[in-house]
Amino acid sequence: MNSHVNNDQSKRRQRIIALVAEILELDDPKSIKPTDRLREDLGMDSLGSLELLSTISEELKLDLEMEDAMGISTIEDACAFVEHHYAEQHPNE
Amino acid sequence: MPNNTLMSDPIVQSHQAVREATDRSMLGLVVEQARRFAAREIDPIAFDRAAQLPRRVLKAAAEAGLFGLAIPESYGGLALSLGDICQVVSELATRDGSFATSIGLHNGLGTRGLIAYGSQSLKEKWLPKLASGEAIASFAATETGAGSDLMAIRTTLTPRGEQVRLDGEKSYVTNGGFAGLYTVLARSPEMGGARAHSLVCVPRDTPGVEVGAEEHKMGLRGSSTVTVSFDGVMLPMENVLGTSGQGIAYAQHILTWGRTIMASGCIGAARNALNAVLSYVIERKQFGRSIGHFGASRAHVATMAAKLWAMEAMVERTGIEDINGGSIDGISGATKVFCSDEAFDICDRAIQLHGALGFLSDLGVERLLRDARVTRIFEGANDVILVFAGTALIALSRSDAGRRCHATVEPDLEEVARAWERVEQELQESLDRVRKKYGVKAIRHQLVLQRLARAHIALQAASASLWRARAVDAVARSVARLSVQQLLATAKENLSTLESSEIDESNHLQVTEALYRLGAMPQPVRA
Ligand SMILES: Cc1cc2nc3c(=O)[nH]c(=O)nc-3n(C[C@H](O)[C@H](O)[C@H](O)COP(=O)(O)OP(=O)(O)OC[C@H]3O[C@@H](n4cnc5c(N)ncnc54)[C@H](O)[C@@H]3O)c2cc1C
């Protein structure tokens, strides 16, 4: 059960990183590190961050509030933010 | 000595006052000189027909000091502030949009990067030539595959030992046909990270630089617009502006200047249109009366004046924000969108009031409209700026959002000022509703974002109009009042249509899906 959860979590994480690479038109998602900051390290503007989160919210069927989303700084933050909302909104999975 | 003690010293204050007065009268002289220069040297109809600015005019403009407006005095320029440059450019644009665009671009987009970010030695090498007009400046960001989406540019800058190498092609380069120095935006993945961009100054005579033929245009035909290509162009490292990799951030700052100056050009066009109308509508008689005395004409003329008032207020306010050291990222975009949209509308009304004569090119009113059209496209298409502005609005935290408020106003404008506050409150409530309803998915609803941005811009313009009306005469106050009333109506209209946005979006989707599939307007098929 636990490994199943972890597996799903890691899939979501990979998907987030792939989306970042897609939005940034990077050829290699592996060049993105969890500690990378969206703005400073990846050159993603606030529109890019919102683009990322709205795609995630569509794919994972999550409601993500604008105000909470503004606090996200790194890739790690984005993953934790999504996991938090995922657990809240899909408690049985 | 702390600054506040210094400033409270009466002698220093009087020095300060004298300095400000000297600055103002100096600016007055420069503006007056620009006006005389334009009247003497510029023949807008001839330049439009020939589709070029004669070289002798550029030379005369150089002698008149028009290329050194922005450049520090130590390099031979006038060191004018952004707001003051706008006053000169709007004066030139009152005579001719093409010439004003050439001068405005040089003093804004063309030289701003070098002034703000260039190394000491690069500035010493180029700024004196740019101030004297020996070299004219261009700014090259757009490519065929990258217009609104600047991150898609393909021109590349790569380090080569002590030098950098530039490869790629830029389109629609204003002033490009006669420029001596191009500030070029390029990707620089080896300088600052995979997504990094840098700005680099490229002298025209560097081997590998090729300048294309002039484009044939709808308007601003007297300005130069060309493609410039760079094939293995080698440049000293010092030509890279500021910190390599910061190109997009620098370009954004440069654009705040470019957009504000361009908006001041819109003021010139609008002023020209209104002046033409004022002399025509009294003189032209139909049905036994001056056409200007018909109620419908008065509505046009009054609206033109009200809009022009607000345009001037927006540009003036942006200039002051810049002097005060505030960020003009948001307001310069708003000013650009507002002034370009309104200038086009004002020119259109001027043609309407001139009737058939307005349509003929001999009078020059139709040229104003053609020239104004592109201001809604270049330096950021208005559609796109509105979407970004709407996004920025909903992304602002609530405490940030509520802070805009204008200062005290004249007693007879109190009522519209209170009305402003009510509509501003409505906007804040609408923003809250949109945030709640859509969350981060709001950016998928461009119609909503644009309506919010239009309401916000109308409110900013109304606030600027009120602010500009402090201590002015009764006529100016009546123009300001009308301006605020009309802008509040625009803001309210945009807020009221928010409710129906989803229905509108779904209708748009349905219609366009069908049209894109068919590729043409279908003939209705009846059962
Ligand atoms: C006379 C002239 C002079 C110019 N001078 C210069 C110059 O000196 N230097 C320079 O670098 N460039 C210059 N330009 C280029 C100008 O800045 C670009 O044309 C402008 O940025 C728009 O890019 P585009 O033409 O590729 O339009 P596109 O990006 O293709 O956009 C076309 C339209 O698509 C829609 N659209 C696009 N993206 C979006 C979106 N995200 N959301 C909603 N709608 C969207 C909008 O309606 C937009 O108007 C000049 C252009 C002209 C015509």
For this session: Give B:L114, B:L92 a once-over and let me know the one that is more than 16 Å from the ligand (Cβ to nearest atom) and at pLDDT 95 or above.
Result: B:L92
Exercise. Right, B:L449: in contact with a helix residue (DSSP H, G or I) (Cβ under 6 Å, 6 or more places away or on another chain) and assigned to a helix (DSSP H, G or I) or not?
Worked result: yes
Exercise. Among the residues of segment B:185-197, which ones are away from chain A (no Cβ under 12 Å) and either touching a Ser or Thr at 6+ places or on another chain (Cβ under 7 Å) or among the polar types (S, T, N, Q) (or both)?
Worked result: B:A186, B:E190, B:M191
Exercise. Any residue in segment B:459-480 that is in a helix (DSSP H, G or I) and under 26 Å from A:E67 (Cα atoms)?
Worked result: yes
Exercise. Hey, does segment A:2-12 have a residue that's part of a helix (DSSP H, G or I), in contact with a Leu (Cβ under 8 Å, 6 or more places away or on another chain) and more than 24 Å from B:L150 (Cβ to Cβ)?
Worked result: yes
For this session: Enumerate the strands (runs of 3 or more DSSP E) found wholly within segment B:193-261, keeping only those where 2 or more residues are open to solvent by less than 10 Å² (accessible area, probe 1.4 Å), closer than 19 Å to B:Y172 by Cα and out of contact with any Leu (no Cβ under 7 Å at 6 or more places or on another chain).
Result: B:225-236
For this session: For segment B:66-88, enumerate the residues that are out of contact with any helix residue (DSSP H, G or I) (no Cβ under 8 Å at 6 or more places or on another chain) and in a loop (DSSP other than H, G, I, E, B).
Result: none
Problem set entry | Scope segment B:181-197; condition at negative phi and more than 15 Å from the ligand (Cβ to nearest atom); matching residues | B:S188, B:P189, B:E190, B:M191, B:A194, B:R195, B:A196
For this session: Among the residues of segment B:169-180, write down those that are within 11 Å of the ligand (Cβ to nearest atom) and in a strand (DSSP E or B).
Result: B:K170, B:S171, B:Y172, B:V173, B:T174
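For every residue, the table says whether it meets (1) in contact with a Pro (Cβ under 7 Å, 6 or more places away or on another chain); (2) under 23 Å from B:S483 (Cβ atoms); (3) open to solvent by 40 Å² or more (accessible area, probe 1.4 Å); (4) within 16 Å of the ligand (Cβ to nearest atom).
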{"residue": "B:A356", "(1), (2), (3), (4)": "no, no, yes, no"}
{"residue": "B:T391", "(1), (2), (3), (4)": "no, no, no, yes"}
{"residue": "B:S430", "(1), (2), (3), (4)": "no, yes, no, no"}
{"residue": "B:A461", "(1), (2), (3), (4)": "no, yes, no, no"}
For this session: Go through segment B:122-168 and count every residue that is modelled with pLDDT of 95 or more, within 12 Å of the ligand (Cβ to nearest atom), among the acidic types (D, E) and open to solvent by 40 Å² or more (accessible area, probe 1.4 Å).
Result: 0
For this session: Mind listing whichever residues of segment A:49-67 are open to solvent by 10 Å² or more (accessible area, probe 1.4 Å) and facing chain B (nearest Cβ under 10 Å)?
Result: A:S49, A:E51, A:T55, A:E58, A:D63, A:E65, A:E67
Exercise. Name the residues in segment A:1-40 that are closer than 21 Å to A:M70 by Cβ, in contact (Cβ under 8 Å) with a residue 24 or more places away in the chain and among the acidic types (D, E), would you?
Worked result: A:D36
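Residue-wise test of (1) under 22 Å from B:D341 (Cα atoms); (2) of a type in the set (S, T, Y).
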| residue | (1), (2) |
| --- | --- |
| B:F388 | yes, no |
| B:R422 | no, no |
| B:Q460 | yes, no |
| B:S465 | yes, yes |
Problem set entry | Odd one out for B:L509 among (1) over 30 Å from the mean Cα position of the chain (by Cα); (2) at pLDDT below 95; (3) of a type outside the set (F, W, Y) | (2)
For this session: Kindly provide the set of residues from segment B:276-302 that are touching a residue at least 40 places away in the same chain (Cβ under 8 Å), out of contact with any Lys or Arg (no Cβ under 9 Å at 6 or more places or on another chain) and closer than 30 Å to B:G83 by Cβ, ordered by number.
Result: B:A276, B:A302
Problem set entry | Residues located in segment B:266-313, provided they are in contact with a His (Cβ under 9 Å, 6 or more places away or on another chain), open to solvent by 20 Å² or more (accessible area, probe 1.4 Å) and aliphatic (A, V, I, L, M) | B:A276, B:I282
For this session: Please find, within segment B:359-389, the residue that is nearest to the other protein chains (Cβ to nearest Cβ) out of those that are β-branched (V, I, T) and either closer than 19 Å to B:S264 by Cβ or within 11 Å of the ligand (Cβ to nearest atom) (or both).
Result: B:V387
Exercise. Is at least one residue of segment A:72-91 crowded, with 17+ Cβ neighbours inside 10 Å, acidic (D, E) and touching a residue at least 12 places away in the same chain (Cβ under 8 Å)?
Worked result: no
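The values are calculated or read from the model by the stated rules, or taken from the named source; none is laboratory data. Here the structure is a predicted model, which means the values were calculated and not measured. Because the Cβ atoms are built from the backbone with ideal geometry, glycine has one as well, and the counts that use them run over all protein chains shown. When the accessible area is computed, the model is the full protein with side chains, heavy atoms only, and any ligands, DNA or RNA have been set aside. Shrake-Rupley method; radii C 1.70, N 1.55, O 1.52, S 1.80 Å.
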